[in-house]
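Colleague: One structure is given below, represented as structure tokens, and several questions about it will come after.
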Amino acid sequence: MLSLLLACTGTVDDDKNPGGGDDTAGDVETTLAPEPAAYDGDCPDISGDFTIQTSAGQSRDVRVVLPDNPEGAPVVFAWHPLGGTASYAISAFGLDDMANEGWVVIAPEAASGSDHPAFEWGFVGDPDMGAADLAVFDDTLSCLYQQHNIDLDRVYASGFSAGGMMTSYLALNRSQHLAAIAPYSGGTGDLLDYETPEHTLPALIVWGGSGDIWNGVINFHDAATAFSDSLQGDGHFVIECDHGGGHTISPSVTNWTADFFLNHPYGTANAYADGLPDGFPSYCEIP
């Protein structure tokens with residue numbers, strides 16, 4: 001799933017372009033990401049491995065990994081696949097290592113019991129389920145900012161399969177709080193209707209070619225390419241990475257995805273105007 005986020009290749013600092021890209025190559029807006037709306041109530045303590053918060057009337061678990069000093073740190077939200085858990089998203093893919101590189105890593109847990117959606121996250125079906133997942137993002141971001149003063153200009157999202165769909169759903173509904181996204185085997189189409197995002201943000205779209213089909217039901221090749229086409233039509237910068245390996249994640253994507261995030265703080269339309277830098281595999285291209 002998110003093995004690409006095992007490590008960052010640049011030093012995280014306070015520069016607007018911490019990953020080492022050329023500021024002159026991108027179109028950097030003067031506006032910064034807006035502050036998140038205040039959490040309705042007292043924020044849970046976000047200092048340990050888990051926090052439990054009430055979002056949209058649901059009690060939700062969120063797995064948290066903090067660096068030694070989270071103030072001013074970038075944040076990545078990692079959404080687990082169908083049948084996975086927040087702990088699985090952290091441990092199986094080594095996301096603890098992100099904190100060692102100065103990141104805040106957030107892995108929400110899908111709703112449980114009668115609130116649990118058919119596809120893990122509420123991007124399809126009951127609108128209240130989708131709203132609840134968006135509320136988890138809103139509330140966690142708000143409390144992180146309140147308690148740790150994280151860098152709102154470097155908030156990112158990623159996930160695989162159902163988590164990739166959730167990443168896509170988040171981009172359509174919360175783009176104003178995201179610097180960039182990297183959905184793996186996500187996208188739009190039969191399960192998720194495309195809607196124009198409020199804020200233009202770069203997208204690294206990764207999938208496994210025509211064989212990227214889950215359970216013979218969901219064609220992630222079609223979903224990923226449809227999402228890419230729609231984003232490009234709305235003026236978003238997109239990188240397409242078709243690794244051709246089916247419904248899985250290529251094991252070699254760690255460094256270039258981390259670089260993509262760090263080279264695209266909030267408001268950077270395209271840090272790769274002169275082409276993809278070294279480190280990207282040959283199957284990645286700017287369409």
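Colleague: Restricting the search to segment 35-45, which residues are surrounded by 14 or more Cβ atoms within 10 Å (Cβ to Cβ) and among the hydrophobic types (A, V, I, L, M, F, W, C)?
Modeller: Correct list: Cys43 only.
Colleague: Of the residues Pro197, Pro183, which single one is within 15 Å of the chain's Cα centre (by Cα) and assigned to a loop (DSSP other than H, G, I, E, B)?
Modeller: Pro197
Colleague: Given the options Pro202, Pro277, name the one that is closer than 27 Å to His177 by Cα and over 18 Å from the mean Cα position of the chain (by Cα).
Modeller: Values: Pro202 fails: over 18 Å from the mean Cα position of the chain (by Cα).
Exactly one residue qualifies, and that residue is Pro277.
Colleague: Quick one: in segment 46-90, which of the residues that are under 18 Å from Trp121 (Cα atoms) and touching a His at 6+ places or on another chain (Cβ under 7 Å) is surrounded by the fewest Cβ atoms within 10 Å (Cβ to Cβ)?
Modeller: Tyr88
Colleague: Continuing with the same structure: Quick check on Asp242: is it modelled with pLDDT of 95 or more and of a type in the set (D, E, K, R)?
Modeller: Considered against the rule, which asks whether it is modelled with pLDDT of 95 or more and of a type in the set (D, E, K, R), Asp242 comes out as yes.
Colleague: Moving on. Before we move on, is Ala179 over 21 Å from Pro34 (Cα atoms), surrounded by 21 or more Cβ atoms within 10 Å (Cβ to Cβ) and of a type outside the set (Phe, Trp, Tyr)?
Modeller: Working: over 21 Å from Pro34 (Cα atoms): no; surrounded by 21 or more Cβ atoms within 10 Å (Cβ to Cβ): yes; of a type outside the set (Phe, Trp, Tyr): yes.
Against the criterion (over 21 Å from Pro34 (Cα atoms), surrounded by 21 or more Cβ atoms within 10 Å (Cβ to Cβ) and of a type outside the set (Phe, Trp, Tyr)), Ala179 does not qualify.
Colleague: Could you list all residues from segment 217-245 that are β-branched (Val, Ile, Thr) and either surrounded by fewer than 18 Cβ atoms within 10 Å (Cβ to Cβ) or under 13 Å from Met165 (Cβ atoms) (or both)?
Modeller: The answer is Val217, Ile218.
Colleague: Continuing with the same structure: Among the residues of segment 102-135, how many are free of Cβ contacts under 8 Å to residues at least 12 places away in the same chain and over 20 Å from Arg63 (Cα atoms)?
Modeller: 5
Colleague: Quick check on my filter: what residues within segment 203-219 are in contact with a strand residue (DSSP E or B) (Cβ under 7 Å, 6 or more places away or on another chain) and more than 18 Å from Ala78 (Cβ to Cβ)?
Modeller: Gly209, Ile213, Asn219
Colleague: Within segment 42-115, which strands (runs of 3 or more DSSP E) (wholly inside it) include 1 or more residues that are at pLDDT below 95 and touching a Gly at 6+ places or on another chain (Cβ under 6 Å)?
Modeller: 75-79
Colleague: Take the residues in segment 120-171 that are assigned to a loop (DSSP other than H, G, I, E, B) and of a type in the set (Asp, Glu); name whichever of them is surrounded by the fewest Cβ atoms within 10 Å (Cβ to Cβ).
Modeller: Looking at residues that are assigned to a loop (DSSP other than H, G, I, E, B) and of a type in the set (Asp, Glu), I get Asp126.
The values are calculated or read from the model by the stated rules, or taken from the named source; none is laboratory data. All figures in this text were calculated on a predicted structure; none of them were measured in a lab. Note that each Cβ is placed from the backbone with ideal geometry, even for glycine, and that neighbours are counted across all protein chains shown.
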